[in-house]
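Here's the structure we're looking at; comments come further down.
The values are calculated or read from the model by the stated rules, or taken from the named source; none is laboratory data. These numbers come from a predicted model, not from an experiment. Cβ atoms come from the backbone with ideal geometry, glycine included; neighbour counts cover every protein chain shown. All accessible areas refer to the heavy atoms of the entire protein, side chains included, with ligands and DNA or RNA removed. Shrake-Rupley method; radii C 1.70, N 1.55, O 1.52, S 1.80 Å.
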Amino acid sequence: MARLELQRGALTLELEPLQRHDNASRVADDPLPRGALHVGDLGCFDLERFGQWAAEGVDWVTRYKAGVRLLDLQGNPIALVEFLQQQAGPVSLPVTVGLQRLPMLLVAQPVSEACSHTRCANLRHKAKRKNQPVSQQRLKLAG
């Protein structure tokens, strides 16, 4: 696992066993300074950690993890695929996420047909490698 801290120019590297998930890395648990921005992939998706960061004044950017509960600010569930299919263009919507109702900003942008096909092909390839099905929701979100 690696963490690059741009303000101070620090690089933290930790060699981990292949079987260890990114969220279990000691680097992931290192505190971040107030005002920091963490940019992470789905391997770092952890609502509990995001809540802690919010309390500490740390911001983050991550991809949506399929299946995570989204609510509008009135507490109504958002059916993400159906909601996005109704939008004509980019979306920027305040939401709450998970059982903790963590406030976040949902940002979505439709992609080209070619990009969507490539993403779906990649999802199917990974699923075949792992001998697992791909959910229809993930395939629809690829667009």
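When you scan the stretch 109-121, do you find a residue that is within 23 Å of L11 (Cα to Cα), outside any helix (DSSP H, G or I) and of a type in the set (S, T, N, Q), even just one? Checked against the condition, which is being within 23 Å of L11 (Cα to Cα), outside any helix (DSSP H, G or I) and of a type in the set (S, T, N, Q), the stretch 109-121 yields no hits at all. The condition (being modelled with pLDDT of 90 or more, of a type in the set (A, V, I, L, M) and either open to solvent by 60 Å² or more (accessible area, probe 1.4 Å) or touching a Ser or Thr at 6+ places or on another chain (Cβ under 7 Å) (or both)) is satisfied by just one residue among V81, V61, V68, V27: V61. The number of residues in the stretch 28-84 that are part of a helix (DSSP H, G or I) and more than 20 Å from A2 (Cα to Cα) comes to 12.
Within 18 Å of the chain's Cα centre (by Cα) and of a type outside the set (K, R): which single residue out of A88, A142, A55, A127 fits that description?
Values: A88 fails: within 18 Å of the chain's Cα centre (by Cα); A55 fails: within 18 Å of the chain's Cα centre (by Cα); A127 fails: within 18 Å of the chain's Cα centre (by Cα).
Among A88, A142, A55, A127, only A142 is within 18 Å of the chain's Cα centre (by Cα) and of a type outside the set (K, R).
Specify which of the listed residues (D41, D30, D22) is in contact with a strand residue (DSSP E or B) (Cβ under 7 Å, 6 or more places away or on another chain) and of a type in the set (D, E). Steps first, answer last, please.
Working: D41 fails: in contact with a strand residue (DSSP E or B) (Cβ under 7 Å, 6 or more places away or on another chain); D22 fails: in contact with a strand residue (DSSP E or B) (Cβ under 7 Å, 6 or more places away or on another chain).
On inspection, the qualifying residue turns out to be D30.
Could you list, in sequence order, all residues of the stretch 38-52 that are under 15 Å from the mean Cα position of the chain (by Cα) and surrounded by fewer than 16 Cβ atoms within 10 Å (Cβ to Cβ)? Talk me through it step by step, then tell me what you get.
Applying the first criterion (under 15 Å from the mean Cα position of the chain (by Cα)) to the stretch 38-52 yields 38-51.
Of everything in the stretch 38-52, those that are under 15 Å from the mean Cα position of the chain (by Cα) and surrounded by fewer than 16 Cβ atoms within 10 Å (Cβ to Cβ) turn out to be V39, D41, L42, G43, E48.
The set of residues in the stretch 100-134 that are within 30 Å of Q74 (Cα to Cα) and either open to solvent by less than 50 Å² (accessible area, probe 1.4 Å) or without any contact (Cβ under 8 Å) to a residue 40 or more places away in the chain (or both) comprises R101, L102, M104, L105, L106, V107, A108, Q109, P110, V111.
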